[in-house]
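Below: the structure, in structure tokens.
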Amino acid sequence: MGKSVKDAMTANPCTIDADQTVAYAARMLKDEDVGLAPVVEGQRLVGTLTDRDIVVRVVAEGGDPQTVKVREVASHDLVIVDPQQDLDDALKLMASHQVRRLPVVEDGRVVGVLAQADVAEHAKEKKTGELVEGISKS
């Protein structure tokens, strides 16, 4: 067995409460210099919010980031991985679902995020190329 997700993930990511405003979420993404925040209710993962979600689902639609709640625009079709899962399996999952980031969940709570950049740093060059190719397919 090769590396696990835990070996490559960014641990303890900042999460955002589903009841926060999109404006708050945008500031958090900026301050943390990340493109995705796991959305939680208490400790439970209920969605993800990306900088693109904010642009496409709020700004482009004329929504008010000061009043729109994160739960209204977050993605709820979640693809998650376990920290003990093999990194190669996580790569296949990313490619098959064409996603660049995966929340890492253990015992129902978010413990990390596995991003394409993390994979590029930890996986073999061939695997990284296959991941980018798989995500980029239309």
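Every number here is computed from the coordinates shown, using simple stated rules; none is lab data. Just so we're clear, the structure is a prediction, and the values are computed from it rather than from any experiment. Cβ sites come from the backbone with ideal geometry, for glycine too, and all protein chains shown count toward neighbours.
So for the chain, if I pair up every lysine 8 or more residues apart or on another chain, how many of those pairs have alpha-carbons under 22 Å apart?
The number of close lysine pairs in the chain is 16.
Would you mind telling me which residue in 21, 50, 67 has the biggest mean-square fluctuation in a Gaussian network model of the chain, where springs connect alpha carbons within a distance under 10 angstrom?
So, out of 21, 50, 67, the one fluctuating most is 67.
I'd like the distance between the alpha-carbon centres of segment 79-119 and segment 34-55, rounded to an integer number of Å.
15 Å
When all C-alpha to C-alpha distances in the chain are sorted into bins of 10 Å, what percent of pairs does each bin hold, rounded to whole numbers?
13, 42, 32, 12, 1
Evaluate the charge dipole of the chain about its Cα centre and quote only its size in Debye, nearest 20, assuming +1 on the Cβ of each Lys and Arg and -1 on the Cβ of each Asp and Glu.
200 debye
Can you tell which of 22, 99, 65 lies farthest toward the positive end of the dipole of the chain, using +1 and -1 charges on the Cβ of basic and acidic side chains (Lys, Arg; Asp, Glu)?
Sorting the options by dipole projection puts first 99.
Thinking of segment 17-65 as a set of Cα atoms, what percent of all their pairs are more than 19 Å apart?
20 percent
Nearest 0.05, what FRET efficiency do residue 32 and residue 98 give at R0 = 25 Å with Cβ-Cβ as r?
0.55
Defining a contact as two alpha carbons under 8 Å apart and six or more residues distant in sequence, what relative contact order in percent does the chain show?
It comes to 30 percent, rounded to a whole number.
Using a Förster radius of 30 Å, what is the FRET efficiency between residue 24 and residue 120 based on their Cβ-Cβ separation? Nearest 0.05, please.
E(calc), rounded to 0.05, equals 0.50.
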